[in-house]
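The values are calculated or read from the model by the stated rules, or taken from the named source; none is laboratory data. Being a predicted model, the structure only gives us computed values, none of them experimental. Because the Cβ atoms are built from the backbone with ideal geometry, glycine has one as well, and the counts that use them run over all protein chains shown. Ligands, DNA and RNA are stripped out before the accessible areas are found, and what is left, the full protein with its side chains, is counted by its heavy atoms. Shrake-Rupley method; radii C 1.70, N 1.55, O 1.52, S 1.80 Å.
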Amino acid sequence: MRTQSLITWCMAALLCGACAHSNDTHDGHDHADDAPCEQSEGKDTDHEGEDHGDEIILSAAQLKEAGVKVETVHPAEFAAVVKVSGQLRAAAGDECTIVAPMSGVISLTDRSATEGCPVRSGQTVASVSARNLQDGDPAERARLELAAAEREFRRAENLVADKIISRQAYEEARSRYELAKAAAQGTGASGAKAGMSATSPMSGYIKARYVNEGDYVNVGDPVMTVTQTRRLQLRAEVPESRWQAAQNARSANFRTAGSDSVRRLSDLNGRLISAGRTGVGANGTLPITFELDNVGNLPAGAFAEVYLLCSPRTGVISLPATALTEEQGAYFVYVEVPGEAGSFRKREVQTGQSDGVRTEITAGLHDGERVAVRGAYRLKLAGTNAAIPHGHEH
């Protein structure tokens, strides 16, 4: 009897707890089966119908801080581009090689002179001497021969005046003297110092030094190369397979190795010099050569990426390279929402040729749309942050 009473009491307690839970759920606004709650009825209707999930919205101050610049796109002329490799070289007349005037041992005027050091016109950069060699110093020999020929000639002048020797003997003595004089001048032996000097015929900078102090050189061996680098040549090497497309190139843009900036020949007073149409080189290329002003101290000898600008095409939409961002091989731009300054949407585009400065857009943009051409990377970062839910912040 006592056990039955205990069971009855437990069942009554369970029933009371269930009723209390039902009342608590109702008081806590569980409206799963009832009408919407008062908060839902008072929802924000100011932005109803607007989807801001894919928009990047920046204030005027943020746009200025990010350096965002917007450009309206229009179809325009765009040259066909052939991208090849090339090299900058000194222009004709702006570079010379100083050679050894005779065979002998080199003595540098300035032993610390190296690439980049300035040189004046007429400056002696080295001297060559064979004084201590087996055959002796040719300049010294020329000096001795000149002295002997001159004495013989002066003697002949006196004898011919007294008619002691014939006129023919006099002319022979004079001829030997003139030849010895020319030989002495050619070897630099007309002065008092033994050896011969190697001098620079122009002012400029040492581009290369080929000898060291005490080296033996033969006559005509290069000692130094001096360059003025006022004008440069850009030699583009065009593969034979791409010659048909590149042969009409009239200008070019280029970027030297290790540089992020692309230079236009049109900004450097550039002009086409020649386009080789025959004689494919050992590497299977034909050269196209331009000449340009060396503005910005471009180094002669530097290798470069060359964008040959060929026949122009019309109706092409293009953007500066700074407008594009890349993600896993796809390219995107940021298009300003019409009528909403500072509001941008990310859009994928298809690209075509690039001249190093601007890139052709083949799909994804339309005439009259406004695109961020600067600050695209900052917009990309802002878009990444905007992906975090933040309600209707404007």
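Some points to look at:
- For the peptides 338-346, 316-324, the ranking by packing is 316-324, 338-346, with the highest mean count of neighbouring Cβ atoms within 10 Å listed first.
- Residue 199 long-range amide H proximity, modeled H, under 5 Å: 125
- Long-range HN-HN contacts of residue 351 with modeled amide H, under 5 Å: 362
- Largest-first principal axis extents of the Cα set of the range 92-172 (Å): 63, 35, 18
- Whole-percent carbon and sulfur share, accessible surface of the range 206-291, 1.4 Å: 42 percent
- In sequence order, calculated HN-Hα J values of the range 307-312 (Karplus, 6.51, -1.76, 1.60; Hz; x Gly/Pro): 10, 6, 9, 9, 4, x
- Two-site label geometry, residue 219 and residue 257: point separation in nm, points 7 Å out along Cα→Cβ: 3.9 nm
- Full-stretch length increase - residue 197, residue 182 - with 0.36 nm per residue and alpha-carbon distance subtracted: 3.7 nm
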